[in-house]
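One structure, as structure tokens, below. Some questions next.
The values are calculated or read from the model by the stated rules, or taken from the named source; none is laboratory data. Note that the structure is predicted; figures quoted are calculated from it, not measured. All Cβ positions, even for glycine, are placed from backbone atoms using ideal geometry, and neighbour counts span all protein chains on display.
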Amino acid sequence: MASSSINAGNYRKRILNADEIQICDLQNPWNFFILMNQDDSALNKWLMDNNLLLKSMPCSKGDDACSGTMRPSQRAGKPSGATLRCNKNRNHEVAIRTNSFFENSKLCIQDIFMFVKSYLDGLSLRHVSLSAGVHYKTTAVDWASFIREIFKEYFHRNMKHRVLTGEVEIDESLFGRRVKFHRGNPNKGLKVSSLYTEILFFKIYIHTFVSHVHF
Ligand SMILES: [Zn+2]
């Protein structure tokens, strides 16, 4: 984030080993595409390492409460190539996206990421939907409002009274324009615009969300 390195260009600063890419590195589009161009199993592993997909959960199947643990299992023929499968009963199986941000969406995860990235980059909803290749009138509107709600809720829960320091950049553009954080005072939104910060919100929220289902 140092302004002194801003002229070095993003290409030379890209991270070739996708395993080393962290969420905050995704503001460099080369990193974003390096990560997204991996095969599904490598991407799933990255998503698990970054708490965006579950690595394990208590078994949710069975007539009686099964005491097994569900873990990722590769399976040919599934859209994501993987499912969560019980270690006590192999017929107990749920989608790899269960209890994640991506649950209930038929879009592939790469398109969802592209949607979120384009949205965070401040593109218009029309351009966001073009980037992700999703329907402008329905899917895009749903996802945009979903993402807005996440930021809003995260802010209300965690950020409202916190003083931002360190890596968080503050500038003139008002993030609060899109998300009215201060319901009582819409003119005093939080002045945070860096993509890094916004992705951080996203990451922390997802982490919080995923933590809830890690009994
Ligand atoms: Zn089970």
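Exactly one condition in (1) modelled with pLDDT of 90 or more; (2) under 22 Å from the mean Cα position of the chain (by Cα); (3) assigned to a loop (DSSP other than H, G, I, E, B) is not met by residue 88; state its number.
For residue 88, the failing item is (2).
Of everything in region 47-61, what is surrounded by 18 or more Cβ atoms within 10 Å (Cβ to Cβ) and either more than 16 Å from the ligand (Cβ to nearest atom) or within 12 Å of residue 89 (Cα to Cα) (or both)? Give them in sequence order.
Scanning region 47-61 gives 47, 48, 51, 52, 53, 59.
Which residue pairs have Cβ atoms under 7 Å apart, sit 6 or more places apart or on different chains, and have a first residue in region 133-151 that is part of a helix (DSSP H, G or I) and a second that is among the polar types (S, T, N, Q)?
The qualifying pairs are 140/129.
Assuming residue 90 fulfils every condition listed in (1) surrounded by fewer than 13 Cβ atoms within 10 Å (Cβ to Cβ); (2) away from the ligand (no atom under 16 Å from the Cβ) apart from one, which condition is it?
Tallying (1) surrounded by fewer than 13 Cβ atoms within 10 Å (Cβ to Cβ); (2) away from the ligand (no atom under 16 Å from the Cβ), residue 90 fails exactly one: (2).
For residue 64, which of the numbered conditions (1) without any contact (Cβ under 8 Å) to a residue 40 or more places away in the chain; (2) within 16 Å of the ligand (Cβ to nearest atom); (3) touching a strand residue (DSSP E or B) at 6+ places or on another chain (Cβ under 6 Å) fails to hold?
Going through the list (1) without any contact (Cβ under 8 Å) to a residue 40 or more places away in the chain; (2) within 16 Å of the ligand (Cβ to nearest atom); (3) touching a strand residue (DSSP E or B) at 6+ places or on another chain (Cβ under 6 Å), residue 64 breaks only (3).
I would also like to ask the following. Among the residues of region 40-62, is there at least one that is in contact with a helix residue (DSSP H, G or I) (Cβ under 8 Å, 6 or more places away or on another chain), modelled with pLDDT of 90 or more, assigned to a loop (DSSP other than H, G, I, E, B) and in the same structural domain as residue 128 (by TED's automatic domain parsing)?
no
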